[in-house]
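See below for the structure under consideration.
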Amino acid sequence: MCSESMPMDSRLPARPPAGWKEVPLRAVADTKFSNVDKLTKAGERPVRLCNYTDVYNNDYITQDIEFMEATAAQPEIDKFRLQVGDVIITKDSETPYDIGIPARVDYAADDLVCGYHLALLRPNQEVVDPDYLSKQLGHARLAGYFARMANGLTRYGLSIGAIDDSPIWLPPQVEQSRIGYVLRQLDLSIVQTETLIGKLNQAQAGLLHDLLTLGLPGLARGLLKRIVGDICETYAGGTPPRSASGMYGGGILWVKSGELGKGSITSTEETITELGLAASSAKWVPANVPLVAMYGATAGAVGWLTVKATTNQAVLACAPKSSAIDARWLYWRLRFDSDKLISAIQGSGQPNLNKGLVDRHAVDIPPTPDEQSEIASILDAAEAEILAQRAYLQTLRSIKVGLTDDLLTGRVRVPDELEMA
């Protein structure tokens, strides 16, 4: 079934800007459909396959990808062996919107071939820049074209003719190269930031383990083992009746379990009224107290309440009984022990914690609040760096969306004085 009735996005320009031209893909690249499957057959040569997921999940095909091992006949290897500068796109999928996803080939080897369900495009690099072509194929304008041209009922696919007819917008080649360079550098910044976040997460995990099980380095004093119920007042909240009017939409923050595990809690999805508070078993929870989710998919998640609020029955407040316990240290301790709390639950099905289980949970406590506070400060700083890098990553991704659209439609032009490394 052809998706010809799908409308074009009216926000996309209908024609290329002045100085650009529209050409069919066949004018700038040769297209081949791979028939190399994932099987290992006697008499064939061992190969590594660049498969559908390798293309779908990566903007660039590099040697860092763990390619599948299979076999192929020599004519298949000769025909579908990858070359640096090739562009591969997905040619069929379960939905028309996963078709035409491109990846630019940065790595080639004698045994690396294009796998099944993919189209191998070999650009004529005298007329089109491979980076630019890959980005152009991934633009929303081409995605709409591919979706309209896709045929199928339960699985959609493109014909080689539809791919060859893809309307490519071409600026002068020097401008193509500049556009490809800018977008590649942006991709590189995103990958580097993702890698840094991964390393920061690993470092944070190490800090959590060392500081929360051993205490501050250089201190000879041991940790004190206590149970949560001895050092905290723990209590869950309640839910006002939904059937009665005047219970919700007031000025009282009301925390639900799904709001935990997302960082500091400064606001809530729902609020309740004084009448709702009186009609439920909800209690006031003071500011700067850790909360633990007890039921459902978020069971074991820990949140930090920064403001005075109430909670529902699926959220357990853990308020220190005395100044001998630093509440922020307790937050990190409960967060570190989340998996232990869940693993202590007997039986199968959806995990459900309870007040008694949390109360009986043993923790190792640094002997003074100052030591607890210093540990919490170290962990807070590590967390702040991770959050800052995540925010930066989100900014880069937003820039990429807007800049990619602007550059590939000619709304924004790359300066002539751009220096490319």
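A few comments on the model shown:
- Qualifying positions in the range 389-420 - charged (D, E, K, R) and part of a loop (DSSP other than H, G, I, E, B): ARG411, ARG413, ASP416, GLU417, GLU419
- Matching residues, the range 184-195, being open to solvent by 30 Å² or more (accessible area, probe 1.4 Å) and either without any contact (Cβ under 8 Å) to a residue 60 or more places away in the chain or touching a helix residue (DSSP H, G or I) at 6+ places or on another chain (Cβ under 6 Å) (or both): ARG184, GLN185, LEU188, SER189, VAL191, GLN192, THR195
- Restricting the range 210-245 to residues that are of a type in the set (A, V, I, L, M) and assigned to a helix (DSSP H, G or I) leaves a set whose member that is modelled with the lowest pLDDT is LEU214.
- Listed by first and then second residue, the pairs linking a residue in the range 378-402 that is without any contact (Cβ under 8 Å) to a residue 40 or more places away in the chain to a residue that is among the aromatic types (Phe, Trp, Tyr), with Cβ atoms under 6 Å apart and 6 or more places separating them unless they lie on different chains, form an empty list.
- Among the residues of the range 139-183, those identified as closer than 16 Å to ARG413 by Cα, out of contact with any strand residue (DSSP E or B) (no Cβ under 6 Å at 6 or more places or on another chain) and crowded, with 17+ Cβ neighbours inside 10 Å are PRO171, GLU175, GLN176, SER177, ARG178, ILE179, GLY180, TYR181, VAL182, LEU183.
- Top-ranked residue of the range 52-64 - restricted to ones that are without any contact (Cβ under 8 Å) to a residue 24 or more places away in the chain and either under 19 Å from the mean Cα position of the chain (by Cα) or under 13 Å from TYR116 (Cβ atoms) (or both), ranked as surrounded by the most Cβ atoms within 10 Å (Cβ to Cβ): THR53
- Helices (runs of 4 or more DSSP H) wholly inside the range 258-354 containing at least 3 residues that are surrounded by fewer than 23 Cβ atoms within 10 Å (Cβ to Cβ), more than 25 Å from the chain's Cα centre (by Cα) and at pLDDT 95 or above: 274-278
- HIS117 being of a type outside the set (A, V, I, L, M), touching a helix residue (DSSP H, G or I) at 6+ places or on another chain (Cβ under 8 Å) and farther than 28 Å from LEU403 by Cβ: yes
Residues checked against (1) without any contact (Cβ under 8 Å) to a residue 60 or more places away in the chain; (2) open to solvent by less than 90 Å² (accessible area, probe 1.4 Å); (3) hydrophobic (A, V, I, L, M, F, W, C); (4) out of contact with any Asp or Glu (no Cβ under 7 Å at 6 or more places or on another chain):
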position	(1), (2), (3), (4)
VAL28	no, yes, yes, yes
PHE33	no, yes, yes, yes
LYS41	yes, yes, no, yes
GLU94	no, no, no, yes
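- Search result, residues across the range 283-296 that are of a type in the set (Gly, Ala, Ser) and touching a helix residue (DSSP H, G or I) at 6+ places or on another chain (Cβ under 8 Å): ALA293, GLY296
- Of all the numbered requirements in (1) within 19 Å of ARG178 (Cβ to Cβ); (2) open to solvent by less than 40 Å² (accessible area, probe 1.4 Å), ALA72 misses one, and that requirement is (1).
- For the range 123-138, the set of residues classified as over 14 Å from THR90 (Cβ atoms) and either open to solvent by less than 10 Å² (accessible area, probe 1.4 Å) or β-branched (Val, Ile, Thr) (or both) consists of VAL127, VAL128, PRO130, TYR132, LEU133, GLN136, listed by residue number.
- Qualifying residue in the range 136-153 (condition: farther than 17 Å from VAL23 by Cα and among the basic types (Lys, Arg)): yes
The values are calculated or read from the model by the stated rules, or taken from the named source; none is laboratory data. Note that the structure is predicted; figures quoted are calculated from it, not measured. When we count neighbours, we look across all protein chains shown, and the Cβ atoms used for this are built from the backbone with ideal geometry, even at glycine. Keep in mind that these areas ignore ligands, DNA and RNA; they rest on the heavy atoms of the full protein, side chains included. Shrake-Rupley method; radii C 1.70, N 1.55, O 1.52, S 1.80 Å.
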